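Notes to accompany the following structure.
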Amino acid sequence: MDAKLVVVGSHITPKEIKLRLPVIIGRGRHATLVLPHPLVSRRHCEIVEHQGFLLVRDLGSLNGTFIDQRRIQSEILHPGGLLTLGTITFRAVYEVAAASSPSVSASASGVSPSTNGGDSEGLPDTEDLSDLAPEDERNKDVEAFLRDSDQPLSG
């Protein structure tokens with residue numbers, strides 16, 4: 001499946017991220033798509049292909065995974081749909097095959113979690129989105145926080 005996420009609704013310069021499914025988004029080193037933001041959990045959510053659509057599953061994140069401004073556990077992200085993690089919002093860009101139709105809701109589909117893609121040594125391929133973090137969140141204190149804690153900043 002040829003799919004990408006485009007950063008929208010933010011002061012951040014738009015950026016497109018081509019998805020290599022399945023993908024785990026989070027701020028931890030084991031995520032395949034690293035998003036270093038204090039409101040994003042180490043393993044925040046997973047995106048897989050399901051019946052020609054993108055299926056997003058929250059992986060127990062503290063601050064939630066949102067599709068079109070609704071908190072979700074497991075739901076189809078339709079083309080043009082908005083995925084929000086922390087304060088970063090992405091628009092899904094992909095085409096659905098004409099015969100594809102999610103006949104069963106994603107949460108009731110019983111689709112088992114997939115495994116990470118990776119290289120021949122079993123290490124996940126990763127993409128670092130450090131430039132998406134607001135400038136004031138890139139200092140050393142925040143970097144240490146991101147490495148050592150799953151708790152959001154309070155203030």
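The values are calculated or read from the model by the stated rules, or taken from the named source; none is laboratory data. Owing to the predicted nature of the structure, the values given are computational and were not obtained by experimental measurement. All Cβ positions, even for glycine, are placed from backbone atoms using ideal geometry, and neighbour counts span all protein chains on display. Ligands, DNA and RNA are excluded from the accessible area calculation, which covers all protein heavy atoms including side chains. Shrake-Rupley method; radii C 1.70, N 1.55, O 1.52, S 1.80 Å.
Mind listing the phi-derived Karplus ³J(HN,Hα) values for region 76-86, rounded to whole Hz, using 6.51, -1.76 and 1.60 with θ = phi - 60°, and x for any glycine or proline?
5, 9, 6, x, x, x, 9, 10, 10, 10, x
What nm value, rounded to one decimal, do you get for the distance between residue 1 and residue 62 when each label is placed 7 Å out toward the C-beta?
Reported label-point gap for residue 1 and residue 62 is 3.0 nm.
So, by mean Cβ neighbours within 10 angstrom, what's the order for 56-65, 35-44, 69-78 with the highest one leading? Walk me through the intermediate numbers first.
Working: 56-65: 19.0, 35-44: 22.6, 69-78: 16.9.
For the peptides 56-65, 35-44, 69-78, the packing ranking is 35-44, 56-65, 69-78.
In sequence order, what are the phi-derived ³J(HN,Hα) couplings for region 52-62 according to the Karplus relation 6.51 cos²θ - 1.76 cosθ + 1.60 with θ = phi - 60°, rounded to whole Hz, with x for glycine and proline?
3J(HN,Hα) across region 52-62, in whole Hz: x, 10, 8, 10, 10, 10, 6, 9, x, 5, 5.
For residue 29 and residue 78, compute 0.36 nm times the residue count separating them, minus their Cα-Cα distance, and round to one decimal in nm. All intermediate terms of the calculation are to be shown ahead of the outcome.
Values: separation 49, 0.36 × 49 = 17.64 nm, distance 2.79 nm.
Going from the current span to full extension adds 14.8 nm.
Note down the nm distance, to one decimal, between modelled labels 7 Å out along Cα→Cβ at residue 8 and at residue 69.
1.3
In Å², and per residue, what accessible area does region 14-81 have when probed at 1.4 Å with the other protein chains present? Present the calculation step by step, with values, prior to reporting the outcome.
Details: 2910 Å² over 68 residues.
With the other protein chains kept in place, region 14-81 gives 43 Å² per residue.
Using modelled backbone amide H atoms (1.01 Å from N, in-plane), which distant-in-sequence or interchain residues come within less than 5 Å of residue 3's amide H?
19
If I model a spin label at residue 15 and residue 93 as a point 7 Å from the Cα along the Cα→Cβ vector, what separation in nanometres do I get?
1.5
Please list log₁₀ I(q)/I(0) at q = 0.12, 0.16 Å⁻¹ for region 1-59, using the Debye equation with identical point scatterers on the alpha-carbon positions.
-0.29, -0.52
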